[in-house]
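Let me begin by presenting the structure, written as structure tokens, before commenting on it.
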Amino acid sequence: MGRRARPRRARRPRANAPRSWSRPLKRPRLLILGGTSEASALARRLADEAGVAPILSLAGATANPAPAPIQQRIGGFGGAEGLASYLEAERIDALIDATHPFAARMSMNALAAAGATQTPLVVFSRPPWAPQEGDRWIEVATMDEAAEALGSERKTVFLTQGRMQLAAFAKAPQHRYVARAIDPPAGIDTLPQCKLILARGPFALADELKLMRDERVETLVTKNSGGSATYAKIEAARTLGVGVVMVRRPKPPEAETLHDLDDVMSWIASVL
Ligand code: NAP
């Protein structure tokens, strides 16, 4: 994988970086690794910027992704090397990793490919949720530990961990599960007592309260995704005194990380 001759500028955002770009001969090309509401928000913002050419990349994990207002590509790159080749072939000027905090493999690939091609990289992610007064959390590292943390006594468990890793819960068949996902998840048949709810967030607090009351949920299992779109379930659990098994985030990539869309726009302006 060859290194680029093109010079790179400093990666630090300027204090008062401009929010729009004049039209150079070639519009700078940005690759956004998406699959999150952060990536969609950035795509919407960049759609209004005539001076850049952004591309939104999705893994193809959901069958009907929301339409993007910018150019979109779908499917894996073929590991870090494949992504590096793509960055070079498409002459990408900056890479924004706006994948989900649990998409650890893609983030590590992004870090490696950006390093190999000297492409400026920033991670755009949401800060994790922190427990508040009234929360009853058990924090675990993996989905297997989450299944174990449910205990031996039968209870009704609300599974909301997105791409679901249901096999872990097949080892705890004594519980009644209510599983929510965007598309029918693989492995749903491995749970003997499971009600599937197909829905896409964001979810309102009133709806989460109703669902948890109607289903008599006793424990909520969730990844610590962070952000506001799915936080209502945490608030609902707090209100109803429902225990939460919270799966901690994997180790984040060692790259500059921003949580605010305006800061990401400033970073983009600073590196282009
Ligand atoms: P992952 O385990 O880190 O990635 C698996 C593989 O999927 C990657 O190696 C890559 O394939 C491909 N991939 C992932 N994100 C991609 C993207 N944005 N564009 C192109 N290829 C991508 O990720 P995951 O946990 O399966 O998540 C897949 C997607 O769903 C991500 O885009 C993520 O943002 C989104 N998502 C994940 C979660 C979650 O809880 N994990 C929740 C919500 C949304 P190659 O190696 O072939 O390039």
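The values are calculated or read from the model by the stated rules, or taken from the named source; none is laboratory data. Everything quoted here is computed from the prediction, not taken from an experiment. Methodologically, a virtual Cβ is constructed for each residue, glycine included, from the backbone with ideal geometry; neighbour enumeration extends over all protein chains shown. Quick note on the areas: whole protein, heavy atoms, side chains included, nothing else; ligands and nucleic acids left out. Shrake-Rupley method; radii C 1.70, N 1.55, O 1.52, S 1.80 Å.
Going through segment 38-71 one residue at a time, which ones are more than 9 Å from the ligand (Cβ to nearest atom), of a type in the set (Gly, Ala, Ser) and open to solvent by less than 60 Å² (accessible area, probe 1.4 Å)?
Passing the criteria: SER40, ALA41, ALA43, ALA47, ALA50, GLY51, ALA53, ALA68.
Hey, among ALA89, ALA94, which residue is at pLDDT 95 or above and open to solvent by less than 50 Å² (accessible area, probe 1.4 Å)?
Exactly one residue qualifies, and that residue is ALA94.
Of the numbered conditions (1) without any contact (Cβ under 8 Å) to a residue 40 or more places away in the chain; (2) more than 25 Å from ALA141 (Cα to Cα), ILE96 satisfies every one except a single condition; which is it?
The single condition ILE96 does not satisfy is (1).
Looking at (1) within 14 Å of the ligand (Cβ to nearest atom); (2) at pLDDT 95 or above; (3) part of a loop (DSSP other than H, G, I, E, B), can you tell me which one LEU111 breaks?
The single condition LEU111 does not satisfy is (3).
Being more than 6 Å from the ligand (Cβ to nearest atom) and aromatic (Phe, Trp, Tyr) is true for just one of PHE102, PHE124. Which residue is that? First the steps, then the outcome.
On the way: PHE102 fails: more than 6 Å from the ligand (Cβ to nearest atom).
From the options PHE102, PHE124, the qualifying one is PHE124.
Regarding ARG105, is this residue closer than 24 Å to SER37 by Cα, basic (Lys, Arg) and in a loop (DSSP other than H, G, I, E, B)? Step through it out loud before you land on a result.
Details: closer than 24 Å to SER37 by Cα: yes; basic (Lys, Arg): yes; in a loop (DSSP other than H, G, I, E, B): no.
Answer is no for this residue.
Considering only residues that are in contact (Cβ under 8 Å) with a residue 60 or more places away in the chain and either under 29 Å from VAL157 (Cβ atoms) or open to solvent by less than 40 Å² (accessible area, probe 1.4 Å) (or both), which ones fall in segment 99-114? Write out each step before concluding.
As a first pass, look at segment 99-114 and keep what is in contact (Cβ under 8 Å) with a residue 60 or more places away in the chain: 99-104, 106-108, 110-111, 114.
Residues satisfying the conditions are THR99, HIS100, PRO101, PHE102, ALA103, ALA104, MET106, SER107, ALA110, ALA114.
In segment 72-99, which residue that is among the charged types (D, E, K, R) and near the ligand (Cβ under 10 Å from one of its atoms) is nearest to ALA269 (Cα to Cα)?
Restricting attention to segment 72-99, the residues satisfying the condition of being among the charged types (D, E, K, R) are 73, 81, 88, 90-91, 93, 97.
Then keep just the ones that are near the ligand (Cβ under 10 Å from one of its atoms); that gives 73, 81, 97.
Values: ARG73: 23, GLU81: 27, ASP97: 16 Å.
That would be ASP97.
For a quick check of your reading of the model, give me the residue pairs whose first member lies in segment 253-264 and is under 17 Å from MET106 (Cβ atoms), whose second is open to solvent by less than 70 Å² (accessible area, probe 1.4 Å) and among the small types (Gly, Ala, Ser), with beta-carbon atoms closer than 6 Å and at least 6 apart or on different chains.
As it stands, the answer is PRO253/SER107, since those pairs meet every condition given.
Table: residues versus (1) modelled with pLDDT of 95 or more; (2) part of a helix (DSSP H, G or I); (3) within 19 Å of the chain's Cα centre (by Cα); (4) surrounded by 14 or more Cβ atoms within 10 Å (Cβ to Cβ).
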position: LYS233; (1), (2), (3), (4): yes, yes, yes, yes
position: ALA237; (1), (2), (3), (4): yes, yes, no, yes
position: VAL244; (1), (2), (3), (4): yes, no, no, yes
position: LYS251; (1), (2), (3), (4): no, no, yes, no
position: ALA255; (1), (2), (3), (4): yes, no, yes, yes
position: ASP262; (1), (2), (3), (4): yes, yes, yes, no
position: SER266; (1), (2), (3), (4): yes, yes, no, yes
position: SER270; (1), (2), (3), (4): yes, yes, no, yes
